[in-house]
Amino acid sequence: MSETLRHPEILELARQQGKVTVEDLAGHFGVTVQTIRRDLSELAETGRLKRVHGGAVPVSGVANFGYEERRSLNEDEKQEIGRTCAAAIPENSSVFLNIGTSTEAVARELRLHRNLLVVTNNLNIANILVVNESCEIIVAGGVLRRSDGGLVGGMTNRVVEQFKFDYAVLGCSALDTDGDMLDFDTQEVGVSQTALARARTNILVADHSKFERSAPARIGSLADIDVFFTDRPVDPDLARLCDDWGTQIRLPE
């Protein structure tokens with residue numbers, strides 16, 4: 001297959017999967033890794049992909065990619081992050097969970113927790129936790145975002161402001177190397193910021209791919225987070241900053 005035919009398919013695979021690797025693409029197309037590296041370099045030079053270690057990711061713009069695609073991206077890692085995070089949340093707690101596939105993974109691991117009060121602006125999380133009869137679920141109403149079951153806007157903010165949570169568990173769309181948490185929807189960012197201000201303990205759940213992406217709206221900094229649950233060690237410079245900020249970094253055991 002010529003590069004003229006490979007390039008569009010590489011772009012489509014990157015869009016669907018969130019990341020493509022040199023080894024996988026070489027096997028997929030039946031060409032050498034050197035050929036794929038040249039393809040990725042050409043796509044990066046024209047601004048259509050961003051090179052990362054071992055492969056490439058889509059160039060982030062002002063819109064996120066599809067929710068089902070995000071849900072399947074790094075699914076096993078998110079499950080491990082969810083399990084580790086849920087283990088740190090005691091029963092008889094009040095918890096806020098925002099929109100995201102990583103927070104949904106946390107919700108699945110909370111289904112056996114007893115006597116929780118969960119406030120969420122994510123209809124998927126409410127449906128996940130409905131099987132837990134000892135969990136009181138409050139859905140923060142607002143404008144429905146059909147693409148992912150999220151609720152956003154001023155009404156959502158006003159509901160969240162009525163609470164003082166034991167824990168706020170947040171996901172984000174991207175993480176900058178300076179520790180800034182980023183997202184695409186400014187209305188969703190507002191809800192997350194409100195939750196951060198209304199919780200005794202702030203938690204971020206994000207897998208390593210969030211460091212390979214960018215988004216335009218700033219939620220806050222890892223300095224605002226008490227515990228960051230992720231699946232791989234972070235860059236040493238950022239780890240030192242987290243240590244200075246008092247932000248714990250927790251990996252699955």
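The values are calculated or read from the model by the stated rules, or taken from the named source; none is laboratory data. If you're wondering where the values come from, they're calculated on a predicted model, not measured in any experiment. Cβ sites come from the backbone with ideal geometry, for glycine too, and all protein chains shown count toward neighbours.
Report, by residue number, each residue of the stretch 162-183 that is surrounded by fewer than 24 Cβ atoms within 10 Å (Cβ to Cβ) and of a type in the set (S, T, N, Q).
Q162, T177
Filter the stretch 124-143 down to residues that are aliphatic (A, V, I, L, M) and part of a strand (DSSP E or B) and give me whichever is surrounded by the fewest Cβ atoms within 10 Å (Cβ to Cβ).
Applying the filter and picking the extreme gives V143.
Just the residues that are aromatic (F, W, Y) and either assigned to a loop (DSSP other than H, G, I, E, B) or within 20 Å of the chain's Cα centre (by Cα) (or both), please, taken from the stretch 144-177.
Correct list: F163, Y167.
For residues that are in a strand (DSSP E or B) and in contact with an Asp or Glu (Cβ under 7 Å, 6 or more places away or on another chain), scanning just the stretch 201-247, find the one that is farthest from S94 (Cα to Cα).
Going through the qualifying residues, I end up with A217.
Which pairs turn up if I take residues in the stretch 79-95 that are under 22 Å from R232 (Cβ atoms) and look for partners that are of a type in the set (F, W, Y) and surrounded by fewer than 19 Cβ atoms within 10 Å (Cβ to Cβ) with beta carbon separation below 6 Å, at least 6 apart in sequence or on another chain?
Here the result reads none, with nothing in the stretch 79-95 linked to a residue that is of a type in the set (F, W, Y) and surrounded by fewer than 19 Cβ atoms within 10 Å (Cβ to Cβ).
Between V106, V119, which is in contact (Cβ under 8 Å) with a residue 40 or more places away in the chain, outside any helix (DSSP H, G or I) and either among the β-branched types (V, I, T) or in contact with a strand residue (DSSP E or B) (Cβ under 8 Å, 6 or more places away or on another chain) (or both)?
Within the list V106, V119, the selection yields V119.
Which of the following residues is of a type outside the set (D, E, K, R) and farther than 15 Å from N98 by Cα: L144, L175, L129?
Residue meeting the stated conditions: L175.
Quick one: T186 ticks every box in (1) surrounded by fewer than 18 Cβ atoms within 10 Å (Cβ to Cβ); (2) of a type outside the set (G, A, S); (3) farther than 25 Å from R158 by Cα except a single one, so which number is it?
(3)
Looking for something in a strand (DSSP E or B), assigned by TED's automatic domain parsing to the domain that holds P90 and modelled with pLDDT of 95 or more - is there at least one such residue anywhere in the stretch 185-193?
no
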